[in-house]
Amino acid sequence: MPKVQQPVTDDSIKVRQVNHYQFSWVAGEPGRRGTFTLQLVLDEGAWEEVVTVDAEDADVLQDLLESTKTVHYDVSRRTLMFGVTPAGH
């Protein structure tokens, strides 16, 4: 059996499942655009991540998050991965 570096900690887990998400909008200075953020709750609250997105990305991400049953997030690469396909299909 291969040796696993110990201890395995929350910080050592790189890919987590998205369980909940929330978009927020923060007003900018007068005459400036606001900022959208996307808060991701991962692995039933074991980890949270907040990313800043523009309005177009927020729209696309909202559609993907609503229509995809399983979503994962790679913490170290800051990458959302949509859907799971079993090997061999």
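Values quoted throughout were computed directly from the atomic coordinates according to the rules given, and no laboratory measurement underlies them. Since the model is a prediction, treat every value here as computed from it, not as a measurement. Note: ideal-geometry Cβ built from the backbone for every residue, glycine included; neighbour counts use all protein chains shown.
When His20, His89 are sorted by how many other C-beta atoms sit within 10 angstrom of their C-beta, beginning with the fewest, the order is His89, His20. Taking θ as phi - 60° and the Karplus parameters 6.51, -1.76 and 1.60, the scalar couplings of the range 15-32 work out to 10, 10, 8, 7, 9, 9, 8, 8, 8, 9, 10, 10, 5, x, 4, x, x, 10 Hz in sequence order, x denoting glycine and proline. Charged neighbours of Asn19, selected by a Cβ distance under 13 Å, balance to -2 (K, R count +1; D, E count -1).
Just one of (i) 4.9; (ii) 5.3; (iii) 8.5 is mean projected area of the Cα convex hull in nm² calculated from these coordinates, so which is it? Answer by label: (iii).
Of the residues Val41, Val26, Val71, the one that moves most in a GNM of the chain with alpha-carbon contacts below 10 Å is Val26. If you take all other residues with their beta carbon under 9 Å from the beta carbon of Asp74, and give Lys and Arg +1 and Asp and Glu -1, the sum is +4.
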